[in-house]
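Since every read-out is calculated from the coordinates, none of them should be taken as a lab result. Model, not experiment: these values are computed from the prediction. We place every Cβ from the backbone using ideal geometry, glycine too, and count neighbours over all the protein chains shown.
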Amino acid sequence: MAVSYLNDAFFSRLETLALNLRTDLSGYFGGKHLVRTYGQTVEFSDFREYMLGDDIRRIDWNLYSRFEKYFIKLFTDERQMHVRIFLDCSASMGKVNPNKAAYSVGVAAALGFLAVHNMDRLTFNLIKGAVADDPFGTIVGKNSFYRAMNELNGLEFSGESDIAAAITNCRDVGSNDGLTVIISDFFTESDWKKAVDYLCFKKRQLLLVQTLAPEEIDPVYDGRISLIDAEAAAVDDPKNMKLLITRGLQNAYSQALEDYQAEIREYCHSRNAEFISVATNKAIEKVLFGELLKVGIME
């Protein structure tokens, strides 16, 4: 993967952003995400009447002087969430298009940086075939993050991917403790809906990011051409075909892509998950500021 977005200038432009996770998620203590449960932070939330066993140091004596009843102060709790990023490493994601591969890695890196920058835990899972490989373990802190980025720069994209099998068979997808991101073009024969259902069952906040090259969104082919599937097993694979490209066929492709994206979006919406589709010629920062702000993942 010769092209790369991963450099100091890229990460420095992200430092003013933060991931917006739902406040009903659980997680480790010591993070920056305010949750609805009460805890030990300095940010005041509410009062309630004193009950036997409460810490008397939290009694508000000003209220006692006014009402002659004991009330204690309640403060918000802060949690450290776990962000898990699943990156599709199949051939269609970058074997013949290094820019698409680099862009997908850049999106994964950007979201991962926002996690560690805001004191969250981070895991990268690389989907290869029916397996989600976890080469770096749980990443905490920027030093560990940058070491992982050095290895991601050399990531190879090849073969097919089974998103559903890789995620449902993953050793640890977490439960109710943070955000899961699936980055893929979703040009797959696997049942990605099964993966969505499984992660929702695990009470994960879920974001699907579809990365597409400009020529996949608006093909400019004309006349007779041979289409070779990047994931085809052999030259005579039935996925490979010869076609006569006409204006009607181009319109049919555009409509089919639009219908497929609408299907993903509607299915995610029905599961309280989020979906965005981005072109790889659009600056990653604009994706973060624009698309993710719209769906409430960024703040």
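Key figures for this structure:
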item	result
J(HN,Hα) series, the range 247-261, from Karplus relation 6.51 cos²θ - 1.76 cosθ + 1.60, nearest Hz, glycine and proline x	4, x, 5, 5, 5, 5, 5, 4, 5, 5, 5, 4, 5, 5, 5
Calculated FRET efficiency for the pair Ala130/Ala262, C-beta based, R₀ 35 Å, to 0.05	0.80
Per-pair calculated FRET efficiency, R0 = 22 Å: Asn176 and Ala18 via Cβ, rounded to 0.05	0.60
Length released on extending from Tyr253 to Lys282, taking residue separation times 0.36 nm less the Cα-Cα span	8.3 nm
Derived scalar couplings ³J(HN,Hα) [the range 178-189; Karplus, 6.51 cos²θ - 1.76 cosθ + 1.60; whole Hz; x for Gly, Pro]	x, 9, 10, 10, 10, 10, 6, 8, 6, 8, 9, 8
Computed lengthening from Lys202 to Leu63, 0.36 nm per intervening residue step minus Cα-Cα distance	45.8 nm
Percent RCO, i.e. relative contact order, over the range 57-137, from Cα pairs under 8 Å lying at least 6 residues apart	29
